[in-house]
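K.L.:
This structure is in structure tokens; I'll ask about it shortly.
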Amino acid sequence: MAAALHLNAKPFNLCSPSIRLPKSSPSPFRVKCSAGTSPSRRYNIALLPGDGIGPEVIAVAKDVLNFAASLEGIGFDYKEMPVGGAALDLTGVPLPDETLLAAKESDAILFGAIGGYKWDDNPKHLKPETGLLQLRKGLGVFANLRPATVFPQLVDASTLKREVAEGVDLMVVRELTGGIYFGQPRGFKTSENGEEIGFNTEVYAAQEIDRVARVAFNNARKRQGRVCSVDKANVLEASILWRKRVTAIAAEYPDVELSHMYVDNAAMQLIREPKQFDTILTNNIFGDILSDAASMITGSIGMLPSASLRESGPGLFEPIHGSAPDIAGQDKANPLATVLSAAMLLKYGLGEENAAKRIEAAVLDTLDKGFRTGDIYSAGCKRVGCKEMGEELLKSIESHKLATV
């Protein structure tokens, strides 16, 4: 997806059904079409807004997803379900059985964010974040794709020097359902001298490594053809096996260049020379940390989408930012990561690449016009809130459509 964002959207000679902007829009428009308005393809989408800014960014992404898809003859049936803190308040658990079932029965899941100060002191099994881990495990989505692209319009928003950040376009492929987050044994105990101990286990089976490695190599084939596998094989036995299996799988992809890097060096190189990376393949905990670090190269964590995939069945698409409870309900959130997650849903989840390109082109166009939420604002730009950013995206999609009719 990251590479596709650099492509110019090609014109489409299509019409769309009528669509309305949210009532808050200062300049609503109507789309007219003389052709039939019934979608030729329909998909079931599970919407999991979650907590904090989750409902706000999901609302914007849903509007953009609907409009872009309608221009390609695509319709959606949505089922909105609680998860995280919202589910705790409603049902007493962070992932109700009904939510997991709705997710499993969908064609794809669009997820917002979870967590908040309200639930910080809950025991672990009643924390909102536990709901997300349970959802990933329950769906079996083992490969997490996190693109980090520095848009030309946002180079100066990066905390790195322009010459370092400009042109960065990498993809982190993170194993998502194994490793230290799920390994057994884990828990608490008391040592012989009475001291409390907390422990976790980093464990991987060969097949877990093999399947996510193939995702990374296949992804690299569509990019620059390079995979850097990140581990800690000089210390950890699980990483020794990781490196062994990744090297073996690489033999299936002679057209892809493989390199290895220890995670501490990778963290340094990601800041020192991020353009050296194309596709980064790594385990659960390292991928969690490195992808968040990569987000700041782009200028804001509010710009990064993600896709969590399985061998078959629905994928989970979500922004990598948190619930930001300090700005929730204030119309300050950046919806672009969620909007781009919706584009990944179309591309990776449903195979609807043309609709995905419409969204990607609208994001670039809206940034070109200078619209910025607070997290990516710089002098001379037009500062907007979450809702207005969504309205500008819809206007961009509409203007591109009218230009081709």
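The values are calculated or read from the model by the stated rules, or taken from the named source; none is laboratory data. The shown structure was predicted, so the numbers you read here are calculated from the model rather than taken from an experiment. Glycine gets a Cβ as well: all are built from the backbone with ideal geometry, and neighbour counts include every protein chain shown.
K.L.:
Consider Gly112 carefully, then state whether it is in the same structural domain as Val57 (by TED's automatic domain parsing) and either of a type outside the set (S, T, N, Q) or buried (at least 21 other Cβ atoms within 10 Å of the Cβ) (or both).
P.N.:
In short, yes.
K.L.:
Looking at Glu257, Glu252 in this structure, which one is assigned by TED's automatic domain parsing to the domain that holds Gln207, within 26 Å of Ala307 (Cβ to Cβ), in contact with a Phe, Trp or Tyr (Cβ under 8 Å, 6 or more places away or on another chain) and among the charged types (D, E, K, R)?
P.N.:
Glu252
Per-residue answers, yes or no, for (1) assigned to a loop (DSSP other than H, G, I, E, B); (2) in contact with a Leu (Cβ under 9 Å, 6 or more places away or on another chain); (3) at pLDDT 95 or above:
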site	(1), (2), (3)
Leu154	no, yes, no
Leu160	yes, no, no
Leu170	no, yes, yes
Val173	no, yes, yes
Ile180	no, no, yes
Gln184	yes, no, yes
Lys189	no, no, yes
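K.L.:
Something else about it: Looking at region 366-386 only, could you name the residues that are modelled with pLDDT of 95 or more, in a helix (DSSP H, G or I) and surrounded by 19 or more Cβ atoms within 10 Å (Cβ to Cβ)?
P.N.:
Residues satisfying the conditions are Thr366, Leu367, Cys386.
K.L.:
Among the listed residues Gly167, Gly84, which satisfies the condition of being buried (at least 23 other Cβ atoms within 10 Å of the Cβ), of a type in the set (Gly, Ala, Ser) and under 30 Å from Gly299 (Cα atoms)?
P.N.:
Answer to the check: Gly84.
K.L.:
Can you give me the ranges of the strands (runs of 3 or more DSSP E) entirely in region 211-307 with at least 2 residues that are within 30 Å of Gly112 (Cβ to Cβ) and under 16 Å from the mean Cα position of the chain (by Cα)?
P.N.:
279-282
K.L.:
Given Ala342, Ala333, Ala328, which one is in contact with a Gly (Cβ under 6 Å, 6 or more places away or on another chain) and modelled with pLDDT of 95 or more?
P.N.:
Checking each option against the conditions leaves just Ala328.
Yes or no, residue by residue, for (1) farther than 20 Å from Leu304 by Cβ; (2) among the charged types (D, E, K, R); (3) touching a Pro at 6+ places or on another chain (Cβ under 7 Å):
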residue: Gly167; (1), (2), (3): no, no, no
residue: Ile180; (1), (2), (3): yes, no, no
residue: Ala205; (1), (2), (3): yes, no, no
residue: Asp210; (1), (2), (3): yes, yes, no
residue: Ala220; (1), (2), (3): no, no, no
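K.L.:
Any residue that is modelled with pLDDT of 95 or more, closer than 19 Å to Ser306 by Cβ and in the same structural domain as Ala46 (by TED's automatic domain parsing) - is there at least one of those in region 117-126?
P.N.:
No, that holds for no residue.
K.L.:
Where residues in region 197-215 are aliphatic (A, V, I, L, M) and closer than 15 Å to Val141 by Cβ, which of them is surrounded by the most Cβ atoms within 10 Å (Cβ to Cβ)?
P.N.:
Val212
K.L.:
Now for a different question. Looking at (1) touching a strand residue (DSSP E or B) at 6+ places or on another chain (Cβ under 7 Å); (2) not assigned by TED's automatic domain parsing to the domain that holds Gly390, which is the only condition His321 fails?
P.N.:
Among (1) touching a strand residue (DSSP E or B) at 6+ places or on another chain (Cβ under 7 Å); (2) not assigned by TED's automatic domain parsing to the domain that holds Gly390, His321 violates only (2).
K.L.:
Also, quick follow-up: Report the residue count in region 220-275 for those that are of a type in the set (Asp, Glu) and in contact (Cβ under 8 Å) with a residue 40 or more places away in the chain.
P.N.:
Of the residues in region 220-275, 2 are of a type in the set (Asp, Glu) and in contact (Cβ under 8 Å) with a residue 40 or more places away in the chain.
K.L.:
Could you check region 167-197 and list, in sequence order, the residues that are closer than 20 Å to Lys222 by Cβ and basic (Lys, Arg)?
P.N.:
Within region 167-197, Arg174 is the sole residue that qualifies.
K.L.:
I'd like to verify a number: residues in region 337-354 that are buried (at least 24 other Cβ atoms within 10 Å of the Cβ) and under 15 Å from Gly73 (Cα atoms), how many?
P.N.:
Result for region 337-354: 1.
K.L.:
Hey, another quick one. Run down Thr130, Thr201 and say which single residue is modelled with pLDDT of 95 or more and part of a helix (DSSP H, G or I).
P.N.:
Thr130
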